[in-house]
Amino acid sequence: MNSHSESRPLLRRQDMLVFLAMVVIACVWLSAVNIWPPQPVRGVVTVDGHTAAVFDLTRYTTYTLPSNPSVVIAVGGGMAFLSSDCPDQICVRTYAVTRVGQMAVCLPNRVVLTVTGDHSANDVDAVAHP
């Protein structure tokens, strides 16, 4: 018979200790994430350089510009143009802005949607400059 056919335990003591350490680290990390949630993110609607509205992006709603009722903005998790009377409709076809610092613009109506808040929640890890 082959000497390698001896049965050995599936998990050795060292394997169990490593596995247990990984579980403990994962539990500590998950509890830390829940204790310190990211700062709230807000959406700002600017018309002609003046702030028209500020929204909490955790709530879902629609907003119609008082100065131009044909411009409708969706809010909730992000911001996007639902409709506009501009001729090219680029703003309506643009994806929703959801991350801090992103912007969507409707140039003919001079409307800017900006996501503001704490950069630490979804900031870049590192930036390399040439």
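Given (1) modelled with pLDDT of 90 or more; (2) under 25 Å from the mean Cα position of the chain (by Cα), identify the lone condition not met by residue 20.
Residue 20 satisfies every listed condition except (2).
Here's a check for you: in region 45-69, which residue that is among the polar types (S, T, N, Q) and more than 24 Å from the chain's Cα centre (by Cα) is surrounded by the most Cβ atoms within 10 Å (Cβ to Cβ)? Spell out the reasoning first.
From region 45-69, those among the polar types (S, T, N, Q) are 46, 51, 58, 61-62, 64, 67-68; that's our starting set.
With more than 24 Å from the chain's Cα centre (by Cα) added as a condition, the list becomes 67-68.
Details: 67: 13, 68: 17.
Among those that are among the polar types (S, T, N, Q) and more than 24 Å from the chain's Cα centre (by Cα), it is 68.
Report yes if residue 55 is at pLDDT below 90 and among the hydrophobic types (A, V, I, L, M, F, W, C), otherwise no. Talk me through it step by step, then tell me what you get.
Working: at pLDDT below 90: yes; among the hydrophobic types (A, V, I, L, M, F, W, C): yes.
Criteria met by residue 55.
Can you name the residue in region 97-118 that is aliphatic (A, V, I, L, M) and part of a loop (DSSP other than H, G, I, E, B) and is also farthest from residue 65 (Cα to Cα) among such residues?
Once the filter is applied, the top-ranked residue is 100.
The values are calculated or read from the model by the stated rules, or taken from the named source; none is laboratory data. Just so you know, these numbers come straight off a predicted model, no measurement behind them. Don't worry about glycine lacking a Cβ; one is built from the backbone with ideal geometry, like all the others, and counts go over all protein chains shown.
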